[in-house]
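The values are calculated or read from the model by the stated rules, or taken from the named source; none is laboratory data. Keep in mind it's a predicted model, so treat the numbers as computed, not measured. With ideal geometry, Cβ positions are generated from the backbone for all residues, glycine too; neighbour counts draw on all protein chains shown. All accessible areas refer to the heavy atoms of the entire protein, side chains included, with ligands and DNA or RNA removed. Shrake-Rupley method; radii C 1.70, N 1.55, O 1.52, S 1.80 Å.
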Amino acid sequence: AAAPPAPAAPAVAAPPPAPTPAAAAAPVAAPRAAVSSGSAPASPLARRMAAATGMDLASIAGSGLGGRIIAVDVEAAQAAAVAAPAMAVAAPAAFGVSGALFEDVPHNNIRKIIAKRLTDSKRDVPHYYLATECVLDELVRLRANANASLEKADKLSVNDFIIKASAKALVDVPQANSAWFDDFVRTYKHADVCVAVSTDKGLITPIIAKAELKTLSQISAETKELAGRARANKLKPEEFMGGTFTVSNLGMFGVKNFTAIINPPQACILAVGGMEKKVVSDGKGGFKEVSVMIVSLSADHRVIDGAVGAQWLAAFKKYIENPVLMLVKPQSRAVCAEARGCWDPVRGGAARAMADA
């Protein structure tokens, strides 16, 4: 019998084919040898453009015939040089929040001016602050009675009374109606009261000129008109540049009290908080509810000593708590006597200084 066939040897896997050398990989260009701007092949226009911007032709890769540098190569290199620093500035790591979303809003001219003036003021002007609480019950009653007989567009605001009381106090304490200059202190003869108005472009302060001579109704109408044109960016320069005193009122936003930064060269600004109810002693062993408001005066100590600032604040408190006193015609160095009237250089002629509501 034939012997059984020998078992077949196990199949051995063929070794994998060797990878194709370097043929599959894209060829890598050898680094370009650095050449001086004098020897780099470049068109005359490209040379002039590089020289005008101070760029080294040796740092620019040419796309022209035979690697020649042409004008578009210089333009591309200039654009890349400008973009690189901008990308570095915008790196989120600089703010410690990787990938944070943000939007950069360029400064408008008004915002730039505000930033510079208020930074200079806070740094260079020696501010001090005085605050007092005013009871507004009489003002609230007087305003309600007046507004009951006025059309909606003519109704008086609390801020109208504040402007008038500020102007009257400046007449009583003229040292507060002053400004600092390097060689002198200027004291003004009229109370030109600036009213801070918030607009979409920034804070602007239209001026109620000669506010001590104007009635509450005149102040109210002028404030509304100026504020409307301020928000529409239609004020004339003389209507917001200057002024002798500023009122900033944040009471309508629910702010109880705050301090404001002086608007140079003015010496004072009044920060007005909101009105709120408060329970106090009635002086007869009982209690009563009153309406109160906190005001804070920021003053320039170079111009106004603390005692003078306190005198002005006391005068303001007198008028705002007893608003009927605002209806009395002014008698002071700043205005002429009632019997003679007042000369108004804007309208001409003798304009009566009427201050009643």
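For I208, the amide hydrogen comes within under 5 Å of the amide hydrogens of V193, C194, V195, counting only partners 5 or more places away or on other chains and with H modelled in the peptide plane.
For region 59-72, backbone phi angles converted through the Karplus equation (6.51, -1.76, 1.60; θ = phi - 60°) give residue-by-residue couplings of 8, 10, 7, x, 10, x, 4, x, x, 5, 7, 10, 4, 5 Hz, Gly and Pro being listed as x.
You can think of it this way: the chain between K278 and V292 has 4.4 nm of extra reach, that is 0.36 nm per residue less the Cα-Cα gap.
Packing here is the average count of other Cβ atoms within 10 Å per residue, and on that basis the peptides 170-176, 147-153, highest first, run 170-176, 147-153. Between L118 and A307, full extension at 0.36 nm per residue minus the direct alpha carbon distance yields a gain of 65.5 nm.
Test of the criteria: in region 172-204, which trypsin sites (Lys or Arg not before Pro) are in a DSSP loop and have at most 15 other Cβ atoms within 10 angstrom of their Cβ? Taking region 172-204 and a limit of 15 other Cβ atoms within 10 Å, the loop trypsin sites (Lys or Arg not before Pro) found are K189, K201. Extension gain, V328 to A81, is 81.9 nm, computed as 0.36 nm per intervening residue step minus the present C-alpha separation. Once the 1.4 Å probe is applied to the protein heavy atoms, region 260-332 comes out at 43 Å² accessible per residue. As a length-normalised measure over Cα pairs under 8 Å and 6 or more apart, the relative contact order of region 227-300 settles at 28 percent. Quantify, in whole percent, the carbon and sulfur part of the accessible surface of region 197-306 (1.4 Å probe; protein heavy atoms only). With neighbouring chains kept in place, the figure for region 197-306 is 56 percent.
Among the listed pairs K164/K201; K214/K318; K155/K214; K164/K236; K256/K288; K116/K318, those with a Cα-Cα distance over 25 Å are K164/K201; K116/K318.
In sequence order, region 194-206 has phi-based couplings of 7, 10, 5, 10, 8, 10, 6, 9, x, 7, 9, 10, x Hz under the Karplus curve 6.51 cos²θ - 1.76 cosθ + 1.60, θ = phi - 60°, and Gly or Pro positions carry x.
Work out the FRET efficiency for T53 and V105 from their Cβ-Cβ distance, taking R0 = 30 Å, and round it to the nearest 0.05. The pair T53/V105 has a calculated efficiency of 0.50. The residues of region 93-252 present an accessible area of 56 Å² per residue when probed at 1.4 Å with all protein chains retained.
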